[in-house]
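Participant: Dropping the structure in here first, questions after.
Bear in mind these aren't lab numbers, they're just calculated from the coordinates by the rules spelled out. Since we're looking at a predicted model, the values are computed, not measured.
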Amino acid sequence: MPADSLIIDEQYDYCDVFSEEFSDPGQKTKIEDLISFRNSPAWISFLMSCRDGIVRIFGLKTPDKGSRLISERITLRKGLRLGIFKVSNFNGREVIMSDQDKHLNFHLSVYLQHNEGLRSKVIATTMVSFNNFFGRIYFFLVKPFHRLIVPSLLKSAIKSLNLAEK
């Protein structure tokens, strides 16, 4: 996790960090480009639909229809809804998306790090705090999928950047 991350002071029971380096000539990539998942794999949408159907039974939050993936460039602002997440903080290099539910609190940082030369890196940090035992059970069940989905979304975001350049 970057030392100057906006999420660094959050309290958590679980934390993970995934990153992907990519070619970024001229370092023109903006943080907004990395949270617009235009080419997200279909299997992720399928898994999220299954998740939504199951958790709806238990009264947990699900996104509004069609709000999960962003297909155009967005203008960041606090409170902006991206699926079930809400933008809680941002600056020129990082966006924090959060969700609070009765079972757990979830924070996702997407951080853009421009390196020397022609390379940049996107770093996704997830922090989860459990509000009750159900939160621990829920996250135990979704954690294996989470560990597949987040790196895949990072790769999709980078692929989307490459497609937009052509």
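Participant: Would you work out if segment 74-133 is rounded, prolate or oblate? Take a ≥ b ≥ c from the square roots of the eigenvalues of the alpha-carbon gyration tensor; rounded if a/c is under 1.5, else prolate when a/b is larger than b/c, oblate otherwise.
Facilitator: oblate
Participant: Step through the table entries 28/155; 30/143; 30/86; 121/159; 28/121; 121/155, compare each Cα-Cα distance with 21 Å, and write down the pairs that go over it.
Facilitator: Checking Cα-Cα distances, 30/143 exceed 21 Å.
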